[in-house]
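**Student:** Below is the structure I would like to discuss, written out as structure tokens.
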Amino acid sequence: MKKQFFPAIALTAIIISLASCGNYSAKSVTLKNQIDSINYCVGFNTGTSLKSYYFENDSAKSGIQALIAALDEAYGQSDADQVLNTGKQIGKMFKQMQDEGFVGDSTIKFSLAEAKAGLKAGFNGDFSRFATPDEAIDYVQNIMNKRQMNAYQPDSLKETIEPLSDKETKDLSYALSLYYGNNVKEQFANDTTKKDAKKLASLFAGIDKGMKSNPKYAQFEEIGENLGSSLKEVEKTGLLNDSTIKVNFKLIRQGLINGLFAYDKVISSLESDTYLQQISSKRQAEQNEKLYGENRRAGEAFLAQNAQNAGVITTESGLQYEIVKLGTGAKPTAANTVKVHYHGTTVDGTVFDSSIERGEPVEFGVTQVISGWTEGLQLM
């Protein structure tokens with residue numbers, strides 16, 4: 001069973017080097033049809049939202065450049081890049097521990113050399129220093145959990161923790177990376193596109209790239225990477241969950257940039273938001289009609305016919321009811337709880353739920369059911 005480890009050092013988003021080149025300028029675009037407009041507005045709305053949350057004070061625009069560079073790389077990645085990407089994530093983690101100490105503990109020096117050695121050993125299945133990956137991670141957890149728990153104790157209850165020896169410090173870096181190296185090997189065990197030697201080379205190339213990242217832009221790069229990965233997934237389903245609306249990455253990308261720079265020459269934020277809402281509502285209505293139109297029409301026909309029957313009363317909301325036997329006493333209110341028997345059928349008489357058939361009434365608040373029930377109960 002896989003063990004989870006400190007959330008603070010969980011593998012995070014890919015870090016993209018700012019040396020990446022690309023066009024990050026706001027500019028006008030030509031929208032030739034509805035599909036173009038949807039793509040652009042999706043990007044523009046996303047950029048506008050991100051600007052309001054993250055980029056109000058980014059006068060140098062370097063954060064935006066980092067985001068778009070990460071977006072480009074994530075969207076353009078193929079399956080063969082996965083080992084390299086994992087290496088970048090690990091490299092960022094190594095960089096963070098170099099700067100902040102092992103697992104954020106500034107009193108424990110992180111050893112990059114030991115970490116790389118452990119990663120290689122775990123990937124190659126070399127368990128000469130620790131018998132298993134679990135033994136390695138247990139070693140790390142036992143030491144770090146004791147230190148972390150002690151740090152949260154009141155001063156009066158804190159124990160004196162002896163400084164780690166040089167060997168213990170090196171073993172921590174080695175053991176943690178041994179565990180991750182084994183996980184990486186298992187993660188890509190079915191990847192037949194590369195032999196292990198090439199995978200390991202890609203992994204360490206990614207680590208080197210990740211180590212060169214600038215923590216200042218990590219948040220922006222994570223956003224860009226997530227957006228790029230999401231767009232690759234959306235390509236399978238279509239924008240707005242409509243397979244007929246194909247992803248146009250260039251238009252989404254430019255819309256995103258224009259939104260981040262508040263460039264409203266193509267369309268304003270309000271117009272873009274309204275447009276997408278209208279499109280979404282229209283397409284949802286069309287989809288609902290396709291899926292449920294026949295059933296809706298059958299229901300409408302039933303109600304029209306039923307309204308002609310003697311004794312049937314139709315309320316302003318469209319609810320129809322008939323008093324089969326008039327009872328006595330107060331009518332329930334929205335604040336009451338009621339105990340009822342009910343028998344529910346579709347318009348063709350098919351029973352879909354029935355407390356009568358179960359032989360036991362049900363109890364609930366008047367407002368805890370669908371609106372038709374809530375209205376009808378207060379008429380009884």
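**Student:** Tally up the residues in segment 70-92 that are at pLDDT 85 or above and over 14 Å from Lys209 (Cα atoms), please.
**Tutor:** 3
**Student:** Go through segment 277-319 and report how many residues are of a type in the set (S, T, N, Q) and over 28 Å from Ile35 (Cβ atoms).
**Tutor:** 8
**Student:** Among the residues of segment 94-119, which ones are open to solvent by less than 10 Å² (accessible area, probe 1.4 Å) and either touching a Gly at 6+ places or on another chain (Cβ under 9 Å) or under 16 Å from Ser229 (Cβ atoms) (or both)?
**Tutor:** Phe94, Met97, Ile108, Gly118, Leu119
**Student:** What helices (runs of 4 or more DSSP H) lie completely within segment 112-191 and have 2 or more residues being touching a strand residue (DSSP E or B) at 6+ places or on another chain (Cβ under 8 Å) and farther than 28 Å from Val83 by Cα?
**Tutor:** By residue number, 133-151.
**Student:** Please specify each residue of segment 346-356 satisfying the condition of being among the acidic types (Asp, Glu) and either within 19 Å of Leu303 (Cβ to Cβ) or surrounded by fewer than 10 Cβ atoms within 10 Å (Cβ to Cβ) (or both).
**Tutor:** Asp348
**Student:** Picking from Ser52, Ser111, Ser128, Ser106, which residue would you name as being modelled with pLDDT of 85 or more and touching an Asp or Glu at 6+ places or on another chain (Cβ under 7 Å)?
**Tutor:** Only one candidate qualifies: Ser106.
**Student:** Consider only pairs whose beta carbons are under 7 Å apart and that are at least six residues apart or on different chains; among these, list those whose first residue lies in segment 148-159 and is closer than 20 Å to Phe102 by Cβ and whose second residue is modelled with pLDDT under 75 and of a type in the set (Val, Ile, Thr).
**Tutor:** Asn150/Ile161
**Student:** Next question. Can you tell me which condition Leu164 does not meet? The list is (1) touching a helix residue (DSSP H, G or I) at 6+ places or on another chain (Cβ under 6 Å); (2) crowded, with 18+ Cβ neighbours inside 10 Å; (3) not small (Gly, Ala, Ser), and all the others hold.
**Tutor:** Every condition holds for Leu164 apart from (1).
**Student:** Out of all the residues in segment 220-240, is one or more out of contact with any Phe, Trp or Tyr (no Cβ under 7 Å at 6 or more places or on another chain), closer than 30 Å to Arg296 by Cβ, of a type in the set (Ser, Thr, Tyr) and assigned to a helix (DSSP H, G or I)?
**Tutor:** Within segment 220-240, one or more residues are out of contact with any Phe, Trp or Tyr (no Cβ under 7 Å at 6 or more places or on another chain), closer than 30 Å to Arg296 by Cβ, of a type in the set (Ser, Thr, Tyr) and assigned to a helix (DSSP H, G or I).
**Student:** I've got another one for you. Across segment 316-328, which residue is farthest from Asn295 (Cα to Cα) among those that are over 44 Å from the mean Cα position of the chain (by Cα) and open to solvent by less than 70 Å² (accessible area, probe 1.4 Å)?
**Tutor:** Gly327
**Student:** Follow-up question, since we're still on this one. Taking into account only those residues within segment 130-146 that are more than 32 Å from the chain's Cα centre (by Cα) and crowded, with 16+ Cβ neighbours inside 10 Å, which is farthest from Gly206 (Cα to Cα)?
**Tutor:** Ile143
**Student:** Give the residues of segment 195-217 that are touching a helix residue (DSSP H, G or I) at 6+ places or on another chain (Cβ under 7 Å) and either polar (S, T, N, Q) or not in a helix (DSSP H, G or I) (or both), sorted by residue number.
**Tutor:** Ser202, Ser213
**Student:** Identify, by number, the condition in (1) under 15 Å from Met97 (Cβ atoms); (2) open to solvent by 20 Å² or more (accessible area, probe 1.4 Å); (3) of a type outside the set (S, T, N, Q) that Ala175 doesn't meet.
**Tutor:** (2)
The values are calculated or read from the model by the stated rules, or taken from the named source; none is laboratory data. Only a predicted model underlies this, so the values are computations on that prediction, with no experimental measurement involved. Don't worry about glycine lacking a Cβ; one is built from the backbone with ideal geometry, like all the others, and counts go over all protein chains shown. We work out accessible area using only protein heavy atoms, side chains counted, and drop any ligands, DNA or RNA first. Shrake-Rupley method; radii C 1.70, N 1.55, O 1.52, S 1.80 Å.
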